[in-house]
Ligand SMILES: Nc1ncnc2c1ncn2[C@@H]1O[C@H](COP(=O)(O)OP(=O)(O)OP(=O)(O)O)[C@@H](O)[C@H]1O
Ligand SMILES: [Mg+2]
C-alpha cells in the first residue's frame, strides 16, 4: 500500500521526469487490478486544467517492460500517423500518447523497484464494464478501426512479449503434459472435460495449422479485446480510442475477433457455475461482427474474414485447455477466488465451446450476410 504523501512525491517526480505540463492538483485512482494500478492525475497549467493517466505496472507479469513499452509506442505512433494522414479530427481523443522521460526512458522506477509510466488521457470518455448491443457494435468498430489503421504496419517487428500466447497447439501440448504428470492427482475427476477437449483438438488448432501453411497473414493483434479497453465518448457513446495495449503482438486477427465475442457475447460470464446461463448470444455476436467487419471489409483477405468465426471456437477451447492445465498443475497460474475455481472456469468455457460449435453454421451465415451487405 502506498500512502498518499508518498504518492504525491512520486507524482511530482513524474511530472518533472516526463516533462508534463502544470503543477499537481489532484490524483484520483481509476482502477487497481492484477496488471496495473491506474490513476487520473490533474494538473494546473496556469489556470488551465490538464489530465494525465499515470500507471504503476506490475513488472513481475511483464518480464521485459521495455519491450512492452516499445511495442505500445510503435503501435500508437503508427495509429496517430494514420489518423493525421486521413485528416481525422479530435486526434488527442482517438489514440493515446505514451510519454517518454527526459532521458528517453519509458518508465520512472522508484527506489523500491516499482515501474511508473504516463499516458495522455482520453478525456470526456468512459470505458464499459458490461456490454449491451450498442456498446458491442461500437466495440467492434473500435477494434476494426484499430486493425484498419495497422494494416500497413510490419507486425513481425513487434516483440513477442508473451511467447506462444495464442499458440493453441502448444496450449494443447501443455494440457497433455499436465495430464501425464497429474501433479495435483486430479486427472480422474476431470476425465470428461479432458476427453472432450482432446476430441476438439483439430477444431481448436485449425487456425494455427493455416498459419503454419502461410494461409493467413500476421497482423498486429491487441490480445485483450474487451469493451473495458475501449474509450467511448461520455455524451454520444461513440468509440474513441483503443487502450491497454500492453499485449499487442503479431498474430492472427481471428483470435482478436474470437476473444472479443467469447468474452462479451456470453451472458453467463467466464466462471458461471450455472451452465444453463452460459451460451453464445447470436445478436451480441452480430453486433460486434457488424462493427468490426464494416471497418476491415475489403482490407483483409477473404480467407481471413471467413475464418473469424473459427476464432471464436478456437479461443474458447484454448482458454478451457489453459484453465484445465492449471487445475491439473495445482492452480499455479490463474488466481483462484473460490475453491476449484479453475475447474469451474473450465466447465464454463467447455459449455460455451459446445454451444459455439453447435452454432457455427449460423455464425458463418451471419458473417456472410454482413459481408454481403457491406459489399
Ligand atoms: N489513456 C486513458 N484515458 C482515459 N482513461 C484511461 C486511459 N487508460 C486507462 N484508462 C482507464 O483506466 C482503466 C484501466 O486501465 P487499463 O485498461 O490500461 O489497465 P488494466 O491493465 O486493464 O488494469 P487492471 O489490471 O486494473 O484491469 C481503463 O479501463 C480506463 O477506464
Ligand atoms: Mg484494461
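When you look at residue 275, is it surrounded by fewer than 20 Cβ atoms within 10 Å (Cβ to Cβ), modelled with pLDDT of 95 or more, in contact with a helix residue (DSSP H, G or I) (Cβ under 7 Å, 6 or more places away or on another chain) and under 30 Å from residue 361 (Cβ atoms), yes or no?
On the way: surrounded by fewer than 20 Cβ atoms within 10 Å (Cβ to Cβ): yes; modelled with pLDDT of 95 or more: yes; in contact with a helix residue (DSSP H, G or I) (Cβ under 7 Å, 6 or more places away or on another chain): yes; under 30 Å from residue 361 (Cβ atoms): yes.
It is true that residue 275 is surrounded by fewer than 20 Cβ atoms within 10 Å (Cβ to Cβ), modelled with pLDDT of 95 or more, in contact with a helix residue (DSSP H, G or I) (Cβ under 7 Å, 6 or more places away or on another chain) and under 30 Å from residue 361 (Cβ atoms).
Among the residues of the range 223-251, what is the count of those that are more than 15 Å from ligand 1 (Cβ to nearest atom) and within 21 Å of residue 67 (Cβ to Cβ)?
So the answer is 3.
Say whether the condition of being within 29 Å of the chain's Cα centre (by Cα), within 16 Å of ligand 2 (Cβ to nearest atom) and exposed (fewer than 12 other Cβ atoms within 10 Å of the Cβ) is met by at least one residue in the range 33-42. Working first, answer last.
We begin by selecting, within the range 33-42, every residue within 29 Å of the chain's Cα centre (by Cα); these are 33-42.
From what is left, the residues that are within 16 Å of ligand 2 (Cβ to nearest atom) are 33-40.
If we keep only those that are exposed (fewer than 12 other Cβ atoms within 10 Å of the Cβ) as well, we get 33-34.
Yes - at least one qualifying residue is present in the range 33-42.
Quick one: what pairs do we get from the range 114-126, first residue within 12 Å of residue 52 (Cα to Cα), second assigned to a strand (DSSP E or B) and within 14 Å of ligand 2 (Cβ to nearest atom), C-beta under 6 Å, 6+ apart or different chains?
117/55; 119/53; 121/53; 122/231; 122/241
Would you check if there is a residue in the range 321-328 being touching a residue at least 40 places away in the same chain (Cβ under 8 Å), over 16 Å from residue 193 (Cβ atoms) and assigned to a helix (DSSP H, G or I)?
no
Considering every residue within the range 147-160, establish whether at least one is surrounded by fewer than 19 Cβ atoms within 10 Å (Cβ to Cβ) and either within 16 Å of ligand 2 (Cβ to nearest atom) or outside the structural domain of residue 212 (by TED's automatic domain parsing) (or both).
No: the range 147-160 contains no residue that is surrounded by fewer than 19 Cβ atoms within 10 Å (Cβ to Cβ) and either within 16 Å of ligand 2 (Cβ to nearest atom) or outside the structural domain of residue 212 (by TED's automatic domain parsing) (or both).
Name the single residue, out of those in the range 210-256 being more than 19 Å from residue 149 (Cα to Cα), modelled with pLDDT of 95 or more and part of a helix (DSSP H, G or I), that is nearest to ligand 2 (Cβ to nearest atom).
211
Matching residues to (1) closer than 28 Å to residue 281 by Cβ; (2) not in a loop (DSSP other than H, G, I, E, B):
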site: 130; (1), (2): yes, no
site: 139; (1), (2): yes, yes
site: 145; (1), (2): yes, yes
site: 151; (1), (2): no, no
site: 159; (1), (2): no, no
site: 166; (1), (2): yes, no
site: 174; (1), (2): no, yes
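Quick check, is residue 260 farther than 27 Å from residue 38 by Cα and either in a helix (DSSP H, G or I) or not assigned by TED's automatic domain parsing to the domain that holds residue 340 (or both)? Quick ask: steps written out before the conclusion?
Values: farther than 27 Å from residue 38 by Cα: no; either in a helix (DSSP H, G or I) or not assigned by TED's automatic domain parsing to the domain that holds residue 340 (or both): yes.
Here the answer is no, as residue 260 does not meet what is asked.
Among the residues of the range 247-262, how many are surrounded by fewer than 24 Cβ atoms within 10 Å (Cβ to Cβ) and within 9 Å of the chain's Cα centre (by Cα)?
1
How many of the residues making up the range 323-359 are at pLDDT 95 or above, under 18 Å from the mean Cα position of the chain (by Cα) and surrounded by fewer than 22 Cβ atoms within 10 Å (Cβ to Cβ)?
So the answer is 0.
Each row is one residue, and each column tells you yes or no for (1) touching a strand residue (DSSP E or B) at 6+ places or on another chain (Cβ under 7 Å); (2) within 15 Å of ligand 1 (Cβ to nearest atom); (3) in contact (Cβ under 8 Å) with a residue 24 or more places away in the chain.
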position: 3; (1), (2), (3): no, no, no
position: 12; (1), (2), (3): yes, no, no
position: 17; (1), (2), (3): yes, no, yes
position: 40; (1), (2), (3): yes, yes, yes
position: 45; (1), (2), (3): no, no, yes
position: 61; (1), (2), (3): no, yes, yes
position: 64; (1), (2), (3): no, no, yes
position: 68; (1), (2), (3): no, yes, yes
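The values are calculated or read from the model by the stated rules, or taken from the named source; none is laboratory data. Just so we're clear, the structure is a prediction, and the values are computed from it rather than from any experiment. Counting neighbours? That spans all protein chains shown, and the Cβs are built from the backbone with ideal geometry, glycine included.
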